[in-house]
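This report refers to the structure that appears directly beneath it.
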Amino acid sequence: MTATATATSLPDLEQRVKVGEFGPHPDTLRVTVAFTTSQAVRHDGRGGGYRNEVLSLRIGEAVGSCAVEPGALSAATVEECAGAPAGTLLAHPVPAVRTAALDAYLMHVTPHTPAHGASPWPLPAGTSLRKSRARARGVADLLDAAPGQRVLVIGVVNSLLEALRERGLSYVPCDLKGGTTEWGESVRTDALAALDHCDAILASGMTLGNGTFEPLRRHALEHGKQLVMFAQTGSAVLPRLLGSGVSAVCAEPYPFFWLDGGPGVVHRYRCPAGGAR
């Protein structure tokens, strides 16, 4: 298996990991630490805020993560992950556990380094809003879209919408939570219904954990649309799907930018030259 090996779909990737095609058999690796991170945010100068909760699993030096709805995971579920073989957790009944386990395994065998296709994008020290905007610029820069084109944004991040507005791009904001953007725009809850009316797709890695990723990937592949992923959830998973519908990834492994005021880094991946989107 080469360092930049990819899979044809998420189910293909999951199956190949389970049988050890990407590295050590997952039954031979154990999760030593399982934890959740709960966060509430209201950036200075912004009218609204949001909450996040993330499940993280550690294998060796690697940490894999999956966002969940706040309060959705029981303490017992988190506790039972600690000490369990990665292979067992890849078949866990809770989707977030399966996703975090897959992310941890792939972070262990294909970390975010140039040898595995990653290019670092530095984040400056500063306020939560300054770091959020810096990350947003790194994500938006991966889009090959011209002013006036419409981008379907799945997983509303106001700093990211702001970056698209600065580039003259229109967008359709979508999030399962609904609500409104910082500019009073209604947020749609059915992203799949908007796919045919957009030129490109910008989606959160959270789509891995809630089961909506594969329809996005198939649509992008079948219609030749760019699919750019920004990923705290599944940051090591999505780069392995480049060229199979995913055209670029901004990967942000734990610890995330909102946990620290110092300088940081995210890791960007682009589809290899000449590769399919």
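For the range 170-277, what does the alpha-carbon gyration tensor say about shape, rounded, prolate or oblate, given a ≥ b ≥ c as the root eigenvalues, a/c under 1.5 as rounded, and a/b over b/c as prolate? Verdict is oblate for the range 170-277. Please report the relative contact order for the chain, taking Cα pairs under 8 Å with a sequence separation of at least 6, and give it as a percent rounded to a whole number. Reported relative contact order: 19 percent. Of the complete DSSP H runs in the chain, those spanning 20 angstrom or more by Cα along the long axis with a mean Kyte-Doolittle score not below 0.0 are 95-109. If R0 is 35 Å, the Cβ-Cβ spacing of A125 and A75 corresponds to a FRET efficiency of close to 0.55.
Under the shape rule built on the C-alpha gyration tensor, where the axes satisfy a ≥ b ≥ c, the range 64-132 is oblate, since a/c reaches at least 1.5 while a/b does not exceed b/c.
Since only P255, V156, T180 are under comparison, the one whose Cα sits farthest along the positive direction of the charge dipole of the range 115-270, derived from C-beta charges on Lys, Arg, Asp and Glu, is P255. Residues whose amide H lies under 5 Å from that of V266, counting only those 5 or more places away or on a different chain, are W121, L123; hydrogens are built 1.01 Å from N in the peptide plane. Neighbour counting of Cβ atoms within 10 Å sorts the residues H197, H25, fewest neighbours leading, into H197, H25.
For n ≥ 4 DSSP H runs only, could you compute -39500 (n - 2.57) per run for the chain, divide by its residues and tell me the 222 nm figure to the nearest 500? If you can, show how the numbers build up before the last one.
Working: 8 runs with 73 residues, N = 277.
The helix-only estimate for the chain comes to -7500 deg cm²/dmol at 222 nm.
With the convex hull drawn over the C-alpha atoms of the range 10-109, the volume per residue is 109 Å³. Relative contact order of the range 115-270: 27 percent, from C-alpha pairs under 8 Å at least 6 residues apart in sequence.
Please compute the alpha carbon radius of gyration of the chain, then divide it by the globular-protein estimate 2.2 N^0.38 Å. Two decimals is fine.
Numbers: Rg = 17.7 Å, N = 277, 2.2 N^0.38 = 18.6 Å.
Output field value: 0.95.
A short reminder: the numbers here are calculations on the coordinates, not readings from a lab. This one's a predicted model, so the numbers in the text were calculated from it and none came from an experiment. Here the Cβ is made from the backbone with ideal geometry for all residues, glycine too, and neighbour counts use every protein chain on show.
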